[in-house]
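Here the structure comes first, spelled out in structure tokens, and everything after it is commentary.
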Amino acid sequence: MGGEADWDMYTSSEKNLFQRVCRRLLKSTFIVKEKDDDSKKLYTFVAKNEETVSSYLSHMGFDIKVDRDNGVTMLVNSGDSSDSGKIQANRLRLRKADTVVLCCLWTVYLDRIRRGNLSKGIVISILDLKQELEKYGFREDFDGKTLMADILKLFAKYNLVEVSGKLGDPDCSIKIYPSIQFALDNVEFQNLVEENGKKIKSIKASVDDDEEEMEEPDYDE
């Protein structure tokens with residue numbers, strides 16, 4: 001933050017929003033405008049006060065990005081930190097199963113957007129996701145409900161998806177938020193998406209205990 005003068009300019013309500021924005025970002029990494037009314041308030045505040053929020057979080061080694069086209073605000077490691085100096089506490093290590101599902105969700109989301117779906121939140125069924133997994137020979141790996149439920153619960157924690165209903169129920173659906181595009185900020189993830197099946201198949205052939213990383217600030221809201 002620029003100093004006490006910046007803070008004093010805010011009303012009591014704005015100070016509350018500022019604090020909640022920071023806690024939400026530190027807890028969940030992403031704020032998605034369209035998720036609900038509360039998220040819309042937080043997103044709107046940070047979009048209007050991007051420089052001040054960024055300055056404040058920079059003292060902890062973080063920065064923010066605001067993607068106005070997609071209505072997503074995200075917490076990232078400070079851009080002026082070297083790789084060796086980046087904070088590692090906000091790195092979530094993903095299992096290969098998590099990475100596979102994440103990539104499939106991303107490709108489904110991208111496909112729907114390319115087909116003209118203008119909604120920023122793409123709603124799919126569990127069957128849609130399983131069909132995507134089947135394209136790359138992974139469906140049998142996710143036949144059990146527990147593994148898939150755990151993965152989707154993890155992604156929901158970081159505002160990447162929202163699950164309505166229980167897995168196995170015919171009316172169960174998954175809403176994929178535009179934040180899914182930014183979940184893995186590394187070149188390999190982009191390659192996995194761009195090369196589609198070829199890259200995703202390479203995950204299945206890799207060593208099971210290999211891991212990918214997703215940014216995860218581990219603080220309580």
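Could you calculate the FRET efficiency of Lys41 with Arg93 from 1/(1 + (r/R0)^6), where r is the beta carbon distance between them and R0 is 35 Å, rounded to 0.05? Before the final figure, lay out the partial values.
Details: r = 32 Å, r/R0 = 0.92.
So the FRET efficiency works out to roughly 0.60.
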*asked:* Using 20 Å as the Cα-Cα cut-off, could you pick out the over-long pairs in Lys33/Lys65; Lys15/Lys48; Lys33/Lys166?
replied: Lys33/Lys166
*Any idea of Leu110's accessible area? Nearest 10 Å², probe 1.4 Å.*
40 Å²
*Accessible surface of Glu162 - all protein chains present, 1.4 Å probe, nearest 10 Å²*: 70 Å²
*Accessible heavy-atom area order of Arg23, Arg114, Arg95, Arg68, highest first, probe of 1.4 Å*: Arg114, Arg68, Arg95, Arg23
_Sequence of Trp106, Trp7 when ordered by accessible area, the most exposed leading, probe 1.4 angstrom_ = Trp7, Trp106
*With all protein chains modelled, accessible area of Glu50 [1.4 Å, Å²]*: 60 Å²
*R0 = 25 Å: FRET efficiency of Arg115 with Ala156, Cβ-based, nearest 0.05?*
0.50
*Hey, if we sort Asp98, Asp171, Asp67 by accessible area with the 1.4 Å probe, largest down, what's the order?*
Asp171, Asp67, Asp98
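The values are calculated or read from the model by the stated rules, or taken from the named source; none is laboratory data. Here the structure is a predicted model, which is why all the values come from computation and not from measurement. Positions of Cβ are backbone-derived with ideal geometry, glycine not excepted, and every protein chain shown enters the neighbour counts. Surface accessibility is based on the protein's heavy atoms, side chains included, excluding ligands, DNA and RNA. Shrake-Rupley method; radii C 1.70, N 1.55, O 1.52, S 1.80 Å.
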